[in-house]
Amino acid sequence: MSEIDQTPKPPYFAVIFTSDDSIQNWKENERHLIAQRLGKSQWYLRYKTRVTKVERDYGFEKD
């Protein structure tokens with residue numbers, strides 16, 4: 001089974017950070033910590049966090 005086969009159905013959410021400092025600031029943000037607690041206690045049965053570093057990002061679009 002491929003990774004795509006295991007991908008859950010939408011909605012998906014992405015948060016993009018541009019530095020390690022911005023990641024740490026978000027992890028320590030009071031409102032974010034409250035939302036995490038609410039998510040675990042009231043909203044989600046499960047979730048997954050994936051931290052990645054983009055080495056290459058390109059595309060093509062025909063006009």
If you check every pair at least six apart or on different chains, which have Cβ atoms under 7 Å apart with a residue in the stretch 27-54 that is closer than 17 Å to residue 17 by Cβ first and a residue that is in a helix (DSSP H, G or I) second?
-> 32/26
Output for the stretch 7-53, where each listed residue is at pLDDT 90 or above, exposed (fewer than 10 other Cβ atoms within 10 Å of the Cβ) and of a type in the set (Val, Ile, Thr) = none
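The values are calculated or read from the model by the stated rules, or taken from the named source; none is laboratory data. Computed from a prediction, not measured in an experiment: that's the story for all the values here. Please note: Cβ atoms are built from the backbone with ideal geometry, for glycine as well, and neighbour counts cover all protein chains shown.
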